[in-house]
1. It is to be established whether one or more residues within segment 569-587 are at pLDDT 95 or above and closer than 30 Å to Asn104 by Cβ.
2. Have a look at Val692, Val677 and point out the one that is under 37 Å from the mean Cα position of the chain (by Cα), surrounded by 13 or more Cβ atoms within 10 Å (Cβ to Cβ) and not hydroxyl-bearing (Ser, Thr, Tyr).
3. Name the strands (runs of 3 or more DSSP E) wholly inside segment 412-473 in which the number of residues that are outside the structural domain of Ala365 (by TED's automatic domain parsing) and either touching a Pro at 6+ places or on another chain (Cβ under 8 Å) or on the phi > 0 side of the Ramachandran plot (or both) is 1 or more.
4. So which of Gln587, Gln658, Gln591 ends up being surrounded by fewer than 20 Cβ atoms within 10 Å (Cβ to Cβ) and within 22 Å of Ile446 (Cβ to Cβ)?
5. Report every pair of residues separated by at least 6 positions or lying on different chains whose Cβ atoms are under 9 Å apart, first residue within segment 620-635 and at positive phi, second surrounded by 15 or more Cβ atoms within 10 Å (Cβ to Cβ).
6. Considering every residue within segment 228-248, establish whether at least one is more than 29 Å from Asp147 (Cβ to Cβ) and either touching a residue at least 40 places away in the same chain (Cβ under 8 Å) or surrounded by fewer than 18 Cβ atoms within 10 Å (Cβ to Cβ) (or both).
7. I'd like to know if segment 290-301 contains one or more residues that are within 12 Å of the chain's Cα centre (by Cα) and part of a loop (DSSP other than H, G, I, E, B).
8. Any residue at all in segment 458-470 that is out of contact with any His (no Cβ under 6 Å at 6 or more places or on another chain), closer than 30 Å to Leu588 by Cβ and among the aromatic types (Phe, Trp, Tyr)?
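The values are calculated or read from the model by the stated rules, or taken from the named source; none is laboratory data. All figures in this text were calculated on a predicted structure; none of them were measured in a lab. Reconstructed Cβ throughout: ideal geometry from the backbone, glycine too, with neighbour counts over all protein chains shown.
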Amino acid sequence: MNNPCKKETLSRREFVSRSVVAGAGLLAVQGGWLTSCTATIPGHPCIYLTAKKIGALRSLREVQTAAQSGHSGKLWQRILEKVEIDRTAEPLTPASVFPGRDANAAKHANPDYTVCHEAGQRILRAALANLLTGEAKPKNIALRQMDALFDPQRWPRWLDDAHERFGHPADLRTGMLSLDVALAYDWLYPSLSQSDRDFVLEGLDRCGIQPYLISLQQDPWWMHDLNNWLTVIVGGLGVAGMALGNDHPDAQKLIDVALQKMAEYMQTYGPEGEFNESVAYAGATRMPATFYLAHLYWSAGGENKLSEPPLPQTCEWVMYNTLPPGRVAAYGDAKTNHPVEVKYFPAVASATNNPFLQWFYLAYAQENADPLEFLWYDATLQPRSPQGEWPLGRAFAAHGATLTSRTSWDALSTACVVYGKAGREENHENNDIGQLCIDGFGERLIVDLGAPSGYPEDFFEEEARWKYYNAGVIGHNVLMFGGREMLVTSQQRSEKSEIDFAAYSGKILMAEFDDAVGNMWRIDAGNAYSGVVSVQRTVVHLFPGVIAVLDEATLDKSESISLRWHTATRSEPDARGAFRVLGSKAQLAGQIIALDAAELRFRRGQHAYKAPYDKDRLGEPLEQRHENYVEALQTAKSCRLLTLFAVEKSDAAPAEWQRQADGWAVQTAAGRVVMHVEGGVLSVRNIDTGQVLRAGLIG
């Protein structure tokens, strides 16, 4: 295999000759912020850019040219601005406080994700600035931060305090920092003295590589659980091995282990790119993209795994599960307003020549100064919106089994998005089979509560986890019977067991999509519950903003039945079960109806954490958000609960559902909509436009 990272053995005359030629060929950019670079060393840099042109791989000169204009120019300018700030900043330590840092983590000097990410970014920014400009000061920034990382007094270990209980010296932070330090070594190599190189290699070996190798000897759980721990740790050390080349005796071992395990991990994705964790955690797909793009460069343009399934399909799955103006569906452990992770999209878009992925990236790219994002973006690929080319609704059957229905592909706002799920993920999952949420005009209305403000110590212990309402059935917009939790697995993190997740999950029975009228689906959630004969949910979304949700269940015996709808703002149902949600951009009129004429009781509630389940893993109190919900209750052996929603702009005349002889009706800005259930069919029709959707029912 042609490996550009492998150092050549050169005589002094050959080395000087090649260095002079390479240095003379580098680009000097008008304005002075890119200058002639220092002489390159054969074999370095080789990851994400090459010292000399190799096939379709991007060369140093091409990267320098791209940095002069367009989106690449903006990214590069941000990197330089951050480097300038970093010049006078103190090196980051686990106790550092900066914007976006969790105060509790800093208080306890915990090397959490945020500080490890920022330390790595500082090193990479400086290394790339040194390589592209030839200036020495950025190199000194990188070495100064590495000195802090290697100092056991300032960084006692590259290990999160919360992960010490697993008993392995390597964890997620080890993978993160090892990758960043090794990449910086590759990019800095031409300007480093031999003593500098020895300094970096020794520190990286002691703090990252050796703890990882010791952990491998212990056969850690994360080598078997195919989740983001594996990709960050094993994939991160694999990229480190590629970046180090022959400069470390264990580099090839790091690569070989990673190639095997990453290939296994890629098999966890569903047939249509579905991720096996919550949508927010699908940002972890960045690691396979990071790894396989690094391998493409390390192998001098060998096999292009980014163009093969599942990565392109996963990007589409993420796009369908992203809501205007750029939030991910907050299933499982997610921050409710967390922006979608798009940094890896340019790499996959370029590898597949996919203009839709490029559009999505540019629509939601943040004000980042990420060197990898800068290197991965291909300005020659023109973006194209999916509007008119991709369906407005889609169902994905694997893992969480997500479904979405939107009125347009506008990136910032669309009249309505209805989204839900039928399945159970294998990691970071909640008891949320059947969950359904509604957005209007870029605003949350019927919501998922996401994750607590911090992970509690016992959050991944199955018996305790459901005590936190975010994870339990009570925190979701689904049916609950007898006050019981859904059926759950007995899997503990760090204790691998063979579990058939389908046995605890729901499934999609029907999904039909029509861009001209609207979309509908039905799911079977019976496997998620004990004491039931059947549980089904039918969802009909008539464009633009009328939604009907029918929940039908038959139980083994008569007991309490509860249906909750969590609202973005305070909302209280009246005696008829009608309620209203009013946001700054949108409003929603809802009503809960018993089709079987059962007596329903309605109430408003709000959540709160209760001791001892009210602390995060550092012992600090969880934020009490007191999220609102509307609840319908009855006692019966079966139920047929119909919930009607109408979404309008916030300044529109308030909509209200009215009972009529054969069903219910509501006046909307798009026309008068009538809904009725007759002959086993749920029908939603706009009598002014003639649009109609009909769904057959089980009852």
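1. yes
2. Only one candidate qualifies: Val692.
3. By residue number, 417-421, 436-440.
4. Gln658
5. Matching pairs, first to second residue: His626/His607.
6. Yes: segment 228-248 contains one or more residues that are more than 29 Å from Asp147 (Cβ to Cβ) and either touching a residue at least 40 places away in the same chain (Cβ under 8 Å) or surrounded by fewer than 18 Cβ atoms within 10 Å (Cβ to Cβ) (or both).
7. no
8. yes
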